[in-house]
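Engineer: Could you have a look at this structure, given as structure tokens, before my questions?
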Amino acid sequence: MSPSGVSGYAGINARVRVMYSTLLSPQEMSGLCEAPDYLTLISLLKRTAWGPYLDRVNDKDLTPRRAVFQIKTRLADAFSSVAYMAPKQAQLLLIQLFRFYEVGNLKAVLRGIIAGASWDRVRFVLFPPSSIFNIPAQAMMEAGNVSAAVELLRGTPYYETLSYAMKRYNTEQNLFPLEVALDLSYWRELWQRVSGLSSQDRAHAQRIIGSLVDMNNLMWAIRYRVYHHLSEVEVINYTLPFGYHVRDSEIRTIAAGGDIAQVVKRIYPDLVDVDTLVQEPWNRLPELELQLKRHVMKQCKAAFVGDPFQAGVPLGYLVLSDFEIQDLTVLIEAKSSQTPVEAYQPYLLCDCASKR
């Protein structure tokens, strides 16, 4: 097993802290928010650490979709760079964390197949390829149907999960069981990787990964009940029976028709306006999720305080970088469609009004 502690994290800690310093400051984000149009936004982004990735594409080809793809490429490179420097058990965790984007690619490919889309139509919607990825996305698209595409996944971590779920897909002709199976399998494996860390690493990783698990599981339960009107048994079957602060009993309370606001406030007493958000779920639940993401961000930033030689440092940077991309994606789409600021600002994790 690779060393941990100071000897295992000395190199990666230095590199990650340099990368952490290149995250956009509140002042830079405010400047991006104030950009009057898409071209100005891209011009400003090119002056930041995202610039070299945007410069790889000619301006005439830098559509909003391609711009998002290019900035995601930087995150793919960061994961590869950081993961392979980490001690063995932390490396396995980081690689599994990165597979979140591979799972997203699988879903996009399967949806593309159902929609009859071409590879050229789908390729730049996917997360950029990486040395960590091993799915034959183009071959799956060209297979022409879901069953043939799943067969191409033999030898990957996804084949057994999807082949089992195919029984229900063949009956219902709906991708939902395949997507749920992928999600649940992914998060179970990620949590197992956290459990495999040393006690010190595990405590730091649980704060970040556990917060992500909690957020996803809670939002799944709420959406399944409110949006999809699933039965109690279905909600329980399609969520995780573990978490960091969100317990199985609380998920079961939501599944059984309990008071969602009371459950959320008990777990997250610092969240604001929870009653209103839950009372108007069709247009306010994204705001609840945004608050939960900000809670995760706090856990990520806290990892950079105190002992630097632990798994929370690379995890914190990579998750924060992903959240930054989420904000940039909102801005790119908003500026390209000339969406007014009051319409898109509620979907930003950053506070565009703050300056540093």
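The values are calculated or read from the model by the stated rules, or taken from the named source; none is laboratory data. As the structure is a prediction and not an experimental result, all values here were calculated from the model. Here Cβ is always computed from backbone atoms with ideal geometry, including for glycine, and neighbour counts include all displayed protein chains.
Engineer: Looking at region 288-299, can you tell me whether even one residue there is touching a Pro at 6+ places or on another chain (Cβ under 9 Å) and more than 30 Å from Arg15 (Cα to Cα)?
Structural biologist: Taking region 288-299 and keeping what is touching a Pro at 6+ places or on another chain (Cβ under 9 Å), we get 288, 290.
Imposing the further condition that a residue be more than 30 Å from Arg15 (Cα to Cα) reduces the set to 288.
Yes, the conditions are met somewhere in region 288-299.
Engineer: Here's another thing I want to ask about it. Return yes or no: is Leu24 surrounded by fewer than 20 Cβ atoms within 10 Å (Cβ to Cβ) and outside any helix (DSSP H, G or I)? It would help to see each step written out before you state the result.
Structural biologist: Working: surrounded by fewer than 20 Cβ atoms within 10 Å (Cβ to Cβ): yes; outside any helix (DSSP H, G or I): yes.
It is true that Leu24 is surrounded by fewer than 20 Cβ atoms within 10 Å (Cβ to Cβ) and outside any helix (DSSP H, G or I).
Engineer: Residues of region 128-166 being surrounded by 14 or more Cβ atoms within 10 Å (Cβ to Cβ) and among the charged types (D, E, K, R), which ones?
Structural biologist: Glu142, Glu151
Engineer: Does Arg207 count as within 19 Å of Val319 (Cβ to Cβ) and among the charged types (D, E, K, R)? Walk me through it before giving the result.
Structural biologist: Values: within 19 Å of Val319 (Cβ to Cβ): yes; among the charged types (D, E, K, R): yes.
Against the criterion (within 19 Å of Val319 (Cβ to Cβ) and among the charged types (D, E, K, R)), Arg207 qualifies.
Engineer: Among the helices (runs of 4 or more DSSP H) confined wholly to region 258-356, which include 3 or more residues that are in contact (Cβ under 8 Å) with a residue 60 or more places away in the chain? Don't jump to the end; show me each part of the working.
Structural biologist: Details: elements: 260-267, 274-279, 281-302, 312-336, 341-344.
Because the criterion is at least 3 residues that are in contact (Cβ under 8 Å) with a residue 60 or more places away in the chain, the helices (runs of 4 or more DSSP H) in region 258-356 that meet it are 281-302, 312-336.
Engineer: Go through region 168-187 residue by residue and tally those that are closer than 22 Å to Met215 by Cα and either touching a residue at least 60 places away in the same chain (Cβ under 8 Å) or surrounded by 15 or more Cβ atoms within 10 Å (Cβ to Cβ) (or both). Steps first, please.
Structural biologist: Initially, region 168-187 is screened for residues closer than 22 Å to Met215 by Cα, giving 176-187.
Those still in the list that are either touching a residue at least 60 places away in the same chain (Cβ under 8 Å) or surrounded by 15 or more Cβ atoms within 10 Å (Cβ to Cβ) (or both) too: 177-187.
Final tally of qualifying residues: 11.
Engineer: Counting residues that are over 22 Å from the mean Cα position of the chain (by Cα), modelled with pLDDT under 95 and within 18 Å of Gly104 (Cα to Cα), which helices (runs of 4 or more DSSP H) fully inside region 118-166 reach at least 2?
Structural biologist: Details: elements: 119-122, 137-143, 146-151.
Correct list: 119-122.
Engineer: Picking from Leu315, Leu328, Leu320, which residue would you name as being touching a Phe, Trp or Tyr at 6+ places or on another chain (Cβ under 8 Å), within 30 Å of Ser198 (Cβ to Cβ) and not aromatic (Phe, Trp, Tyr)? First the steps, then the outcome.
Structural biologist: Working: Leu315 fails: touching a Phe, Trp or Tyr at 6+ places or on another chain (Cβ under 8 Å); Leu328 fails: within 30 Å of Ser198 (Cβ to Cβ).
Sole residue among the options that is touching a Phe, Trp or Tyr at 6+ places or on another chain (Cβ under 8 Å), within 30 Å of Ser198 (Cβ to Cβ) and not aromatic (Phe, Trp, Tyr): Leu320.
Engineer: Quick one: in region 1-21, which of the residues that are assigned to a helix (DSSP H, G or I) and of a type in the set (Gly, Ala, Ser) is modelled with the lowest pLDDT? Please lay out each step first, then the result.
Structural biologist: Kept after step one, since they are assigned to a helix (DSSP H, G or I), are these residues of region 1-21: 5-20.
With of a type in the set (Gly, Ala, Ser) added as a condition, the list becomes 5, 7-8, 10-11, 14.
Details: Gly5: 59, Ser7: 65, Gly8: 76, Ala10: 85, Gly11: 85, Ala14: 91.
Among those that are assigned to a helix (DSSP H, G or I) and of a type in the set (Gly, Ala, Ser), it is Gly5.
Engineer: Right, Gln173: in contact with a Ser or Thr (Cβ under 9 Å, 6 or more places away or on another chain), modelled with pLDDT under 95 and over 18 Å from Ala108 (Cβ atoms) or not?
Structural biologist: Numbers: in contact with a Ser or Thr (Cβ under 9 Å, 6 or more places away or on another chain): no; modelled with pLDDT under 95: yes; over 18 Å from Ala108 (Cβ atoms): yes.
Here the answer is no, as Gln173 does not meet what is asked.
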